[in-house]
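Just passing along the structure, written as structure tokens.
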Amino acid sequence: MVLPIAMGWRHLLFANWPVEPDVVATRLPDGLSVDTYDGQAWLSVVPYLNVDVRPRGVPGGVGFELPELNLRTYVTCDGEPGIYFFSLDAEGVLGVVGARLFHHLPYYAADIDLTTADGAIAFESERRHPGAFPATFSGMYEPVGEPFVPEPDSLAAFLTERYRYYTTGRDGSIRYANIDHEPWTLRKASVEIEANTLFEANGFEPPTGSPICYYSRGVDITSSRNRRWR
């Protein structure tokens, strides 16, 4: 049994593109269904920094930092909402191997640089995983406007207030873990994306139009162990 984990998520960008549900449905494993908002499915690029990663129950201040970048969508399983990750790029070979083996998540080793200056975050990632499709992301983002907590039925809540992720085991079974944290406090985000090949690396057409973007300073989270779906 893999121990549950605790960590902080910091300097998150949620960059969200609407797509036709069939585009996503063809890429989901059996057992998962596309979750939509106003008839649209969504693909989201989320760069951020994991901080103080440690087993749940261990006091804070002893964990490590791990910058990360993921491409995700929104799904249900037997009516239960959650997130499905197409890819997660992260620094640290040991962490990537551990997440693949024990949490059944599609992690890839990458060189990632996250820097902050005057309230803006610069994020650059280049996948280095042996045998994987190349994937790069380079951009800068910063919060604008006043902070807000998303209303329950809003698009912002649909895209951020998710407390479970689904993945698949080696045998093709659906697996999941529950995530616990305080509700998100968001701000709108000003974003400049210079390079983004995550869509192509995961078999999607490049996104069109400008994404809907939110920023959060972050939350502290705990995650359950990864379990087989009932």
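Just for the range 57-100: of the residues that are modelled with pLDDT of 95 or more and assigned to a loop (DSSP other than H, G, I, E, B), which one is least open to solvent (accessible area, probe 1.4 Å)?
The residue in question is GLY79.
Out of curiosity, is GLY218 of a type outside the set (A, V, I, L, M) and open to solvent by less than 40 Å² (accessible area, probe 1.4 Å)?
Yes; evaluated as a whole, the condition is true for this residue.
Might you check whether a residue that is at positive phi and open to solvent by less than 60 Å² (accessible area, probe 1.4 Å) occurs anywhere in the range 21-30?
Among the residues of the range 21-30, not one is at positive phi and open to solvent by less than 60 Å² (accessible area, probe 1.4 Å), which makes the answer no.
Table: residues versus (1) of a type outside the set (Asp, Glu); (2) on the phi > 0 side of the Ramachandran plot; (3) in a loop (DSSP other than H, G, I, E, B).
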residue: GLU142; (1), (2), (3): no, no, no
residue: PRO147; (1), (2), (3): yes, no, no
residue: GLU151; (1), (2), (3): no, no, yes
residue: ALA156; (1), (2), (3): yes, no, no
residue: LEU159; (1), (2), (3): yes, no, no
residue: ARG162; (1), (2), (3): yes, no, yes
residue: TYR165; (1), (2), (3): yes, no, no
residue: ARG170; (1), (2), (3): yes, no, yes
residue: GLU182; (1), (2), (3): no, no, yes
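Turning to a different aspect of this structure: With LEU159, LEU186 as the choices, which residue is under 18 Å from ASN70 (Cβ atoms) and under 15 Å from the mean Cα position of the chain (by Cα)?
The unique qualifying residue is LEU159.
Restricting the range 136-174 to residues that are in contact with a Cys (Cβ under 9 Å, 6 or more places away or on another chain) and either over 20 Å from PHE86 (Cβ atoms) or of a type outside the set (Val, Ile, Thr) (or both), which is surrounded by the fewest Cβ atoms within 10 Å (Cβ to Cβ)?
Going through the qualifying residues, I end up with ARG164.
Identify, by number, the condition in (1) in contact (Cβ under 8 Å) with a residue 60 or more places away in the chain; (2) farther than 19 Å from ALA90 by Cβ that PRO183 doesn't meet.
(1)
The values are calculated or read from the model by the stated rules, or taken from the named source; none is laboratory data. Keep in mind that this is a model prediction, so the values were computed, not measured. Reconstructed Cβ throughout: ideal geometry from the backbone, glycine too, with neighbour counts over all protein chains shown. For the accessible areas, the whole protein counts, side chains as well, though only heavy atoms, and no ligand, DNA or RNA atoms are used. Shrake-Rupley method; radii C 1.70, N 1.55, O 1.52, S 1.80 Å.
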